[in-house]
Amino acid sequence: MENYIIELISVAGTFIAAYLGSLWALKNVKKEKYFEERKQIYYELASILPIIDTCITQSDYLRDCQLGGTAENKIVIMEMKLHDAEDRLKIMQESQHTYNEMHEVEIEISNWEYRIKRHKEYLQEMGELHKKLEEFDKSGKKNLLRLFASARVWNSYVELSVALHNEYYCNLGVVKEDIVHHVNNLIFYMRNDLQG
């Protein structure tokens, strides 16, 4: 009878040890899976972030310009200002004006042409970035980021999203350095998460 009790305790102990071992292994597998999911989401997000060395912002070429409205509306306003300057130059050429006065208007025309060219490049670049971010959001990856990301990564993502939105739609006080700061913070916190 004692042998049966000893065997029963031995079998129960073996079963409990095997059960605890499998739980521990399952926990490690879940951690690895969780880490791989996080890593995949971070890599996908990093692949759509703007390249800060070549990123164009409106503050790069629209300093000292009072233009209201969204980025799309500003191109119309700039073209109107360009046509106004061209009309003033034609009038000046027909009347008696000094070379310096006409040269100032020519410089103004050249500046508006440059701003319009840069703004078209900006609209192209930001349109592509917004499209990629929208695809990231609509594919459910934003929700996965919210689930798998640390609080610092999520907060950095939200801050970058707000800065990009404000820069594109209202351009109130958002400069390239702000965008660079938020991109760098996001990458820094993602890297820290992946390093453990």
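Assorted remarks:
- Count of the stretch 72-86 residues which are at pLDDT 90 or above and aliphatic (A, V, I, L, M): 3
- THR54 vs. criteria closer than 22 Å to LYS132 by Cβ, in contact with a helix residue (DSSP H, G or I) (Cβ under 9 Å, 6 or more places away or on another chain) and open to solvent by 50 Å² or more (accessible area, probe 1.4 Å): yes
- Which listed residue, of ILE41, ILE116, is aliphatic (A, V, I, L, M), touching an Asp or Glu at 6+ places or on another chain (Cβ under 8 Å) and open to solvent by less than 50 Å² (accessible area, probe 1.4 Å): ILE116
- Annotation for the stretch 59-71: at least one member residue is of a type outside the set (D, E, K, R), touching a Cys at 6+ places or on another chain (Cβ under 8 Å) and at pLDDT below 85.
- Test: residue in the stretch 78-97 that is touching a Phe, Trp or Tyr at 6+ places or on another chain (Cβ under 8 Å), under 21 Å from LEU164 (Cβ atoms), free of Cβ contacts under 8 Å to residues at least 60 places away in the same chain and open to solvent by 40 Å² or more (accessible area, probe 1.4 Å): no
- When ASN155, ASN185 are checked against the criterion of being open to solvent by 60 Å² or more (accessible area, probe 1.4 Å) and either under 21 Å from LEU45 (Cβ atoms) or free of Cβ contacts under 8 Å to residues at least 24 places away in the same chain (or both), ASN155 stands alone in meeting it.
- ILE75 meets the stated requirement of being in a helix (DSSP H, G or I) and touching a residue at least 40 places away in the same chain (Cβ under 8 Å).
- Taking helices (runs of 4 or more DSSP H) as the structural unit, those lying wholly within the stretch 87-183 and holding at least 1 residues that are among the small types (Gly, Ala, Ser), modelled with pLDDT of 90 or more and farther than 13 Å from GLN58 by Cα correspond to 99-138, 151-169.
- Counted residues, the stretch 128-152 - those being farther than 21 Å from ALA71 by Cα and either surrounded by 13 or more Cβ atoms within 10 Å (Cβ to Cβ) or among the polar types (S, T, N, Q) (or both): 13
The values are calculated or read from the model by the stated rules, or taken from the named source; none is laboratory data. Quick caveat: nothing in here was measured; it's all calculated off a predicted structure. No Cβ is skipped: glycine too gets one built from the backbone with ideal geometry, and neighbour counts run over all protein chains shown. Surface areas here come from the heavy atoms of the whole protein model, side chains and all, with no ligands, DNA or RNA. Shrake-Rupley method; radii C 1.70, N 1.55, O 1.52, S 1.80 Å.
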